[in-house]
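Structure, as structure tokens:
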């Protein structure tokens, strides 16, 4: 007999097969497609997304969900049903016309932004951006009414289920209480040190070969994935075939290399999700912040640590020859450099939270209706001066126009970066407790004990538990930002 | 008001968007995908093909077709409706279960064939191949009953609408009457000439750069397409983004280069199909043979001609340095070499029809039930000896197991190769009449007059006319195989 749960399971298997096509053609669009193919590709992807939305919101889905709640399900099936219901609710609540209107407004804004940002054209940008904000507020309103939370929290929940702005306020208030002082002390300490830059050019082919070697060390499964080039690095594809990308410049190899390490963290999570749940929501990564915790654990906790840099140095010398910048102490300094800067994606792990908190405070006020679009530049300048001591007055391109997220109406996403950094610090600290020899394992490039720990505690868990339970099971407690603070103090001030 | 025709048009636009996703992920599978991704990819593509089949055979489609016949349509819309009805009939006639059973049997047979062929394992192959033949006969029977033609003709019509075995019999009987003698004379003539082989190695990167240069000369639009590598060269993708492939070996650059020219012929047809009919059946290529006529026109008629080889020589010398093999007369000889061989895909244009006729005769008898699977090897050997003077006794891997087509049940496809060669000769002869300066244009690499002629007479016509009308409009008469014979006699015997 086919149960209602079986019907739901089969529907989500179908949806996952369709999203396979969207993931691969999406990757192709960023890495292979000639520009003349873009309109046909956009039409094909939009057709598929309409079809998937129809499948997910078909009338019988709601009935099956209700029936399945009364069927005899094991714990995992119940967890899967919970995730299925969440996705259905999130999708069915918005009218079809609204979804396509918002998607159109976002595409228009993003497309224009690509030239308006280099032109520093804020007033031109506002014309397309104001409607995106309006539609995002409307979406927040609809979702908030259904879930009885605040408007911003309703959007936040899309990326980070269970997270609230009340909790974020407490976390970020704490960070704001110690970060400016910490940043000042680190910059002061580092300014007393002499640091040599690595001298290029570094041939792209050698950078690529080095990146592939390090992916191998990090356990990337090349039978189920590849490395390519795109303008904006990402981790795409499907768990069975993960596509990561980087971008190379000849005068700096560390940016591409650490980018590869970052995406490899995402990739290993995807490649090690529970196979027995492939295609089901319970088999997917837990949340945006947990995904980011894996990339940041690889990039920040692991790769910029002294033991890993010691292991990495001979690879670098073999690839590019030796030079004074690769001396141990200097090599560590160039990989642990801290600077207050304008651009979030170029920021080190110490100043990064300032960029996130600033965005969080502005986007929340914007969605809650406390401020309007025209207030953003002044607020941005004010907060940049307060948090990082830099002014962005009249400098929109390096200020409030620098990121793509808002152009598409992705409000509620930014906090996940810093949550990810905090989860990464907490998980790495737990791994160290569980693996007393971790540092010496890293020193000799043996990452399988760390991988095994992550596989068991995070990767194989998929979405079986909510985030708090997942983290508590792995580390003994729910999110505790003090691990992150301690990590920064230890690494950068030797405390 | 939305007419029934509008509904059909919109349905086919949707289908074409979905087939865009299948084309690109299919290309990816052959060129990019790591092998561990194959099962998930197969499932995703099969899901999409079920969905497309459901869309194409939905109950309302038949009603719309009937209603549209009574609507006021212009000539092109009528032609489009005709093609729509043809596709609907072809798709709806087979029960869903039959389609998936045949597809499964084909996949199983093809998969095993990949190792059975190198192992020369005919008896192992037969176990999977017999069911494929059985299902193909069943399909032929179902289609034959519906269209009142013979079983083989019903399959042939899938690739070459309007072609019949009666017509093929006449064409091939003629070829068989002169080909053996012609082949003998050419081989005799060439054996009296001393031909130097080109001496490798030829660096892959240089081969690729040369290929790209020649694609540019041939008018390939790189804003709407790319060149990559795959084990079996093909032309894939979509008209807005055509993906051609080749394969390189270091000891021979001509095979990859002329392969690129061949696929560029396919690509230019796709890239120049009528944009105003994009997504509609009338906007697609006319048939398999006409598609092949474009690739063979580029490869055989154009690229192996004396004027083009004269134009090409300096490119080759620039890429690989000079050597005695590149002297004009010798360069022509290595590009016009004729040899009786076992392998169809390695065959020159003179012996190629023998390979096709042999397959046609065997597959027709097989589908009509005149012979059974176990009779194939002896028949193959007998015909190879008769047509090419070679025995394939006990040599299955270079005999009846060499091609992929039958493993998938693609019976009725082989004749289109030789029909394509004949159309190519006929069209090129017409182009020469229309363009009296064609040879001198080719000599200086100016292919735009030839392109313009093809664009106007073939590419822009899509499927507006049936094949006979298309060819008659372009060349003044329907298929006339004597152009092909004359071409071979002129090129190879200077007659």
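The values are calculated or read from the model by the stated rules, or taken from the named source; none is laboratory data. If you're wondering where the values come from, they're calculated on a predicted model, not measured in any experiment. Heads up, the Cβs are rebuilt from the backbone with ideal geometry, glycines too, and the neighbour counts pull from every protein chain shown.
When B:22, B:49 are screened for being touching a helix residue (DSSP H, G or I) at 6+ places or on another chain (Cβ under 8 Å), surrounded by fewer than 17 Cβ atoms within 10 Å (Cβ to Cβ) and within 30 Å of residue B:401 (Cα to Cα), only B:49 passes.
Quick check: is even one residue across region A:423-434 free of Cβ contacts under 8 Å to residues at least 12 places away in the same chain, under 25 Å from residue A:290 (Cα atoms), assigned by the TED database to the domain that holds residue A:151 and in a helix (DSSP H, G or I)? Give the steps one after another, and end with the answer.
Start the filter on region A:423-434 by keeping residues that are free of Cβ contacts under 8 Å to residues at least 12 places away in the same chain, which leaves A:432-433.
Next cut, under 25 Å from residue A:290 (Cα atoms) only: A:432-433.
Add one more test, that the residue is assigned by the TED database to the domain that holds residue A:151, and what stays is A:432-433.
Filter again for in a helix (DSSP H, G or I), leaving A:432-433.
Within region A:423-434, one or more residues are free of Cβ contacts under 8 Å to residues at least 12 places away in the same chain, under 25 Å from residue A:290 (Cα atoms), assigned by the TED database to the domain that holds residue A:151 and in a helix (DSSP H, G or I).
Kindly indicate whether residue A:202 is more than 14 Å from chain B (Cβ to nearest Cβ) and either part of a loop (DSSP other than H, G, I, E, B) or on the phi > 0 side of the Ramachandran plot (or both). The answer is yes for residue A:202.
Every residue, every condition in (1) over 23 Å from the mean Cα position of the chain (by Cα); (2) not in a helix (DSSP H, G or I), yes or no:
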site	(1), (2)
B:13	yes, no
B:26	no, no
B:50	yes, no
B:66	yes, no
B:72	yes, yes
B:77	yes, no
B:84	no, no
B:91	no, no
B:108	yes, no
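Here's a check for you: in region B:11-27, which residue that is more than 9 Å from chain A (Cβ to nearest Cβ) and within 26 Å of residue B:226 (Cβ to Cβ) is modelled with the lowest pLDDT? Selected residue: B:26. Residue A:212 fulfils the conditions (1) under 19 Å from the mean Cα position of the chain (by Cα); (2) within 14 Å of chain B (Cβ to nearest Cβ); (3) over 25 Å from residue B:44 (Cβ atoms) except for a single criterion, (1). Could you please let me know if residue B:130 is touching a helix residue (DSSP H, G or I) at 6+ places or on another chain (Cβ under 8 Å) and free of Cβ contacts under 8 Å to residues at least 40 places away in the same chain? No. Does residue A:331 satisfy the condition of being without any contact (Cβ under 8 Å) to a residue 40 or more places away in the chain, farther than 20 Å from residue A:172 by Cβ and in contact with a helix residue (DSSP H, G or I) (Cβ under 6 Å, 6 or more places away or on another chain)? Yes. Restricting B:67, B:60, B:30, B:39 to residues that are under 30 Å from residue B:226 (Cα atoms), surrounded by fewer than 18 Cβ atoms within 10 Å (Cβ to Cβ) and either modelled with pLDDT of 95 or more or more than 9 Å from chain A (Cβ to nearest Cβ) (or both) narrows the list to B:30. Just one of the listed residues (A:479, A:470, A:488) is part of a helix (DSSP H, G or I) and under 20 Å from residue A:291 (Cβ atoms), and it is A:470.
Restricting attention to region A:372-379, does a residue exist that is out of contact with any helix residue (DSSP H, G or I) (no Cβ under 7 Å at 6 or more places or on another chain) and under 26 Å from residue A:166 (Cβ atoms)? Among the residues of region A:372-379, at least one is out of contact with any helix residue (DSSP H, G or I) (no Cβ under 7 Å at 6 or more places or on another chain) and under 26 Å from residue A:166 (Cβ atoms), which makes the answer yes.
Does region B:268-285 include one or more residues that are touching a helix residue (DSSP H, G or I) at 6+ places or on another chain (Cβ under 7 Å) and on the phi > 0 side of the Ramachandran plot? Yes, there is a match, as at least one residue in region B:268-285 is touching a helix residue (DSSP H, G or I) at 6+ places or on another chain (Cβ under 7 Å) and on the phi > 0 side of the Ramachandran plot.
Kindly establish whether residue A:101 is touching a helix residue (DSSP H, G or I) at 6+ places or on another chain (Cβ under 7 Å) and more than 17 Å from residue A:54 (Cα to Cα). So residue A:101 does not fit the description; no.
Kindly check whether there is at least one residue in region B:183-190 that is modelled with pLDDT of 95 or more and closer than 25 Å to residue B:416 by Cβ. Show your work before the answer.
Keep residues of region B:183-190 that are modelled with pLDDT of 95 or more, which gives B:183-190.
Now drop any that are not closer than 25 Å to residue B:416 by Cβ, which leaves B:183, B:186.
Yes: one or more hits.
Being part of a loop (DSSP other than H, G, I, E, B) and touching a helix residue (DSSP H, G or I) at 6+ places or on another chain (Cβ under 7 Å) is the filter here, so list the residues in region A:52-64 that pass it. Selection gives A:57 alone.
Scanning region A:388-399 for residues that are surrounded by fewer than 21 Cβ atoms within 10 Å (Cβ to Cβ) and touching a helix residue (DSSP H, G or I) at 6+ places or on another chain (Cβ under 7 Å), we see that the one that is nearest to residue A:124 (Cα to Cα) is A:393.
Each row is one residue, and each column tells you yes or no for (1) buried (at least 16 other Cβ atoms within 10 Å of the Cβ); (2) under 25 Å from the mean Cα position of the chain (by Cα).
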{"position": "A:289", "(1), (2)": "yes, yes"}
{"position": "A:295", "(1), (2)": "yes, yes"}
{"position": "A:299", "(1), (2)": "yes, yes"}
{"position": "A:303", "(1), (2)": "yes, yes"}
{"position": "A:308", "(1), (2)": "yes, yes"}
{"position": "A:314", "(1), (2)": "no, no"}
{"position": "A:317", "(1), (2)": "no, no"}
{"position": "A:321", "(1), (2)": "no, no"}
{"position": "A:326", "(1), (2)": "yes, no"}
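Candidates B:363, B:349: the one that is within 20 Å of the chain's Cα centre (by Cα), under 30 Å from residue B:150 (Cβ atoms) and not in a helix (DSSP H, G or I) is B:349.
Of all residues in region B:84-98, at least one satisfies being farther than 21 Å from residue B:409 by Cα, out of contact with any strand residue (DSSP E or B) (no Cβ under 6 Å at 6 or more places or on another chain) and crowded, with 16+ Cβ neighbours inside 10 Å.
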